[in-house]
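Worksheet for the structure shown next.
The values are calculated or read from the model by the stated rules, or taken from the named source; none is laboratory data. Remember, predicted model here, so these are calculated numbers, not experimental data. Here Cβ is always computed from backbone atoms with ideal geometry, including for glycine, and neighbour counts include all displayed protein chains. Note: accessible area is taken over every heavy atom of the protein model, side chains too, but ligands, DNA and RNA are not part of it. Shrake-Rupley method; radii C 1.70, N 1.55, O 1.52, S 1.80 Å.
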Amino acid sequence: MVDASSGAVAWIGLGANLGDNPRAALREAAASIATWPGSTVLAVSRHWCSAPVDAQGPDFFNAVLKLRTTLTPEQVLERLLALELAHGRQRPYRNAPRTLDLDLLLHGDTVLDTPRLQLPHPRLHERAFVLRPLAELAGEGWVIPGRGALSALLPAVRDQRINVLTD
């Protein structure tokens, strides 16, 4: 657990569409992230169900997690990749179905463009399965650095099929 005023607020996208229970994989991932040193999970969105984007396969279950952390963006990325691997994530081809998909969407106000990591995430503003859970947690007036307010971004993804799950 970290002091509420230390560290950066990071936003992590969680998704899964393979395995015995993809929603359980999201819950397990959130529980694992909560154990990271120097980190506190501040909120987790409800689960959402969405059609794959630029891919084939079963529908995805998605959520967004808000984390206060003293870890650097690169350290967060390393932990996310290790967690995916622990859940059996394979990468046979781009946008393949997956047992767990974890994306670092934002890390404070960090803007980064390296071969391994881009912040803000380069496609977050194009995905309803990211924007809708973000809006749930942050509010539609919240501004994504370099992209604008969620309220201005949401209309562009309104045709993407997504449903909030209530159970």
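Radius of gyration (Cα atoms) of region 4-53, expressed as a multiple of 2.2 N^0.38 Å: 1.31. State the label only: which of (i) 40, 37, 36; (ii) 61, 36, 31; (iii) 64, 47, 32 corresponds to Cα extents along the principal axes in Å computed from the shown model? Recomputing Cα extents along the principal axes in Å here picks out (i). Taking Lys and Arg as +1 and Asp and Glu as -1, the other residues whose beta-carbon sits under 15 Å from that of Val157 total +1.
Relative to the Cα centre, the charge distribution of region 1-61, modelled as +1 at Lys and Arg Cβ and -1 at Asp and Glu Cβ, gives a dipole magnitude of about 140 debye. The trypsin sites (Lys or Arg not before Pro) found in region 33-80 that occupy coil by DSSP, while having at most 15 further C-beta atoms within 10 Å, are Arg46.
Surface composition of the chain: carbon and sulfur make up 51 percent of the accessible area, probe 1.4 Å. Towards the positive end of the charge dipole of the chain, with charges on Cβ (+1 Lys, Arg; -1 Asp, Glu), say which of Ala25, Leu80, Ala55 has the farthest Cα. After comparing all options, I get Ala55.
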